[in-house]
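To keep things clear, I will list the structure first and then write my remarks on it.
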Amino acid sequence: MKYSVFRHWLHGPKAGQTEMFVDRLPGFPDNIRPNGKGGYYIAIVTVFSESSLRVLRIAGRLPWLRKLVTRVLYLTQLVLETIGKLDPSHSIDQTAKKIFNFLTLSQHNLRHSNFSVVVEVDGEGKIIGSFQGYSGQQVLISEAQKVGDYMFFASPYNSYLGKLFVGEVKEGMKQQQQPQQQQQEVRGKEEL
């Protein structure tokens, strides 16, 4: 499977046209933010492993299975919402929301891979870099933004922001910080 971002022109000679901007992303793209250099950061909210892609490919060939899963999820949500109206409970409401937006499926996928990705592209959609993390501490990233010497990673499913130093390393810190900077891993749960 391939995941893409399309660009729709609002002004200029291509006004009204839609074209491929970035192709073959490793998962579902979410928010896109400018990188301050004419390009963009694209948060990949769900990164797929080979095993999860196999499941999606099989489901893609079985329309009856997709329809069944969708109906079961909808009926489950409907039952939970009805119970929630009879007995208002925060946990029932949260469970219904998780089922509706497939959070459980996404979390299951990422718990196994512990992989997070933010892709950096130039103004033409060419991938020029990425931030990748395997720690599992920052998952379901929906937005990334560089502020000063730090990248911040956000998700509506986490109660914290991820923070990564990406600035220039000072001479005295070079040996200690270099491996962390080269791997560009998302580390820590710094409360902000």
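What follows draws every value from the coordinates through simple rules; no lab data is involved. Keep in mind it's a predicted model, so treat the numbers as computed, not measured. In this analysis, Cβ positions are derived from the backbone assuming ideal geometry, glycine residues included, and neighbour counts consider all displayed protein chains.
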Exercise. Within segment 26-44, whose backbone N sits under 20 Å from a point 7 Å along Cα→Cβ of Val69?
Worked result: 26-30
Problem set entry | Above-threshold pairs, the threshold being 27 Å between Cα atoms, out of Lys2/Lys126; Lys14/Lys146; Lys2/Lys67; Lys126/Lys146 | Lys14/Lys146
